[in-house]
1. Cβ-Cβ under 6 Å, sequence separation 6+ or interchain: first residue in region 163-185 and over 12 Å from Gly141 (Cα atoms), partner among the polar types (S, T, N, Q) and part of a strand (DSSP E or B). Which pairs?
2. If you take just the helices (runs of 4 or more DSSP H) that sit entirely in region 1-95, which of them hold at least 2 residues that are out of contact with any helix residue (DSSP H, G or I) (no Cβ under 8 Å at 6 or more places or on another chain) and acidic (Asp, Glu)?
3. Just to be sure I understand, how many residues within region 83-116 are in contact (Cβ under 8 Å) with a residue 60 or more places away in the chain and buried (at least 20 other Cβ atoms within 10 Å of the Cβ)?
4. For region 103-181, which fully contained helices (runs of 4 or more DSSP H) count at least 2 residues that are touching a strand residue (DSSP E or B) at 6+ places or on another chain (Cβ under 6 Å)?
5. What do you reckon, is Lys41 out of contact with any strand residue (DSSP E or B) (no Cβ under 9 Å at 6 or more places or on another chain) and either over 26 Å from Trp95 (Cβ atoms) or free of Cβ contacts under 8 Å to residues at least 40 places away in the same chain (or both)?
6. Checking Glu50 against (1) within 14 Å of the chain's Cα centre (by Cα); (2) over 21 Å from Glu138 (Cα atoms), which test does it fail?
7. Would you please list the contacts, defined by Cβ atoms under 9 Å and residues six or more apart or on different chains, that run from a residue in region 54-82 that is without any contact (Cβ under 8 Å) to a residue 24 or more places away in the chain to a residue that is part of a strand (DSSP E or B)?
8. Of all residues in region 96-151 being modelled with pLDDT under 95 and hydrophobic (A, V, I, L, M, F, W, C), which is farthest from Gly180 (Cα to Cα)?
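The values are calculated or read from the model by the stated rules, or taken from the named source; none is laboratory data. Remember, it's a predicted structure, so these values are computed and weren't measured experimentally. Cβ placement follows ideal geometry from the backbone for every residue including glycine, while neighbour counts extend to all protein chains displayed.
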Amino acid sequence: MINLQGKNALVTGGSAGLGAAVAHQLAAEGVNIAINYSNNKERAETLSKEIETKYGVKAIVIQADIFDTKNLYKLVEITVQELGGIDILISNAGWTKIVDYSDLEGMDEELWDGTFSANVKAHYYLFKAAKPYFDKNEDGGVFIASASVAGRICYGSSIPYAVSKAALIHLIKMLAKSQGPKVRLHAVCPGMLLTEWGQRFSEERQNAAVESSPIKKDHRYRRVCCTVCVVV
């Protein structure tokens, strides 16, 4: 990991769970943080104040809905205006619903369109918005997408979700191949994380996730955030 002191990062879906953990980890390395949230302004502002107090960096909050492409450009623009630039983009926000794999009727158009809009298109347009700034940076920039093991094996909250994560992984491969030399891209693929969302799964599903892990440990998001920060 390079020296991150004084760098600027945008973390989407950054007010809780994996996003908040990554924001803490980056701030501990001296990175200024823009925290994107969708609905819970109070939680985002509490996190922002905590980060500023604990690490002595600048932290701001930005409300934006990732389903709206115009908002994605605004997210990047406000980050640059408020922090003075953008070096790191943690594209963590996503969307899904829990639908049994056998329930074809439950996997409706809303679910298919929603997962692809949030889990594929939003990442693409965020990258597109950030790339001109990355190219101007002396050290370039890094874009890290929060994918999932569901994009690699038969797993996840629903079939559309898993398919969208597979598409995201391939999108990152294609962009990494074509958008250099100053931009680095990675997709991080965790299993079930015991975040607020992950705890919606039944105890049986959570235990099965632990048993399927080679190390027989639950997928705590603080472990994953260390992986994210190592590849920055």
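1. Matching pairs, first to second residue: none at all.
2. Values: elements: 17-28, 41-55, 69-83.
The helices (runs of 4 or more DSSP H) meeting that bar are 41-55.
3. Looking only at region 83-116, we keep the residues that are in contact (Cβ under 8 Å) with a residue 60 or more places away in the chain, and these are 83-94, 96-99.
Then drop every residue that is not buried (at least 20 other Cβ atoms within 10 Å of the Cβ), which leaves 83, 86-94, 96.
Total meeting the criteria: 11.
4. Values: elements: 109-116, 122-136, 159-178.
Here the list reads 122-136, 159-178.
5. Values: out of contact with any strand residue (DSSP E or B) (no Cβ under 9 Å at 6 or more places or on another chain): no; either over 26 Å from Trp95 (Cβ atoms) or free of Cβ contacts under 8 Å to residues at least 40 places away in the same chain (or both): yes.
So Lys41 fails the test.
6. (1)
7. Within 9 Å, the pairs are Asn71/Gln63; Lys74/Ile62.
8. Ile98
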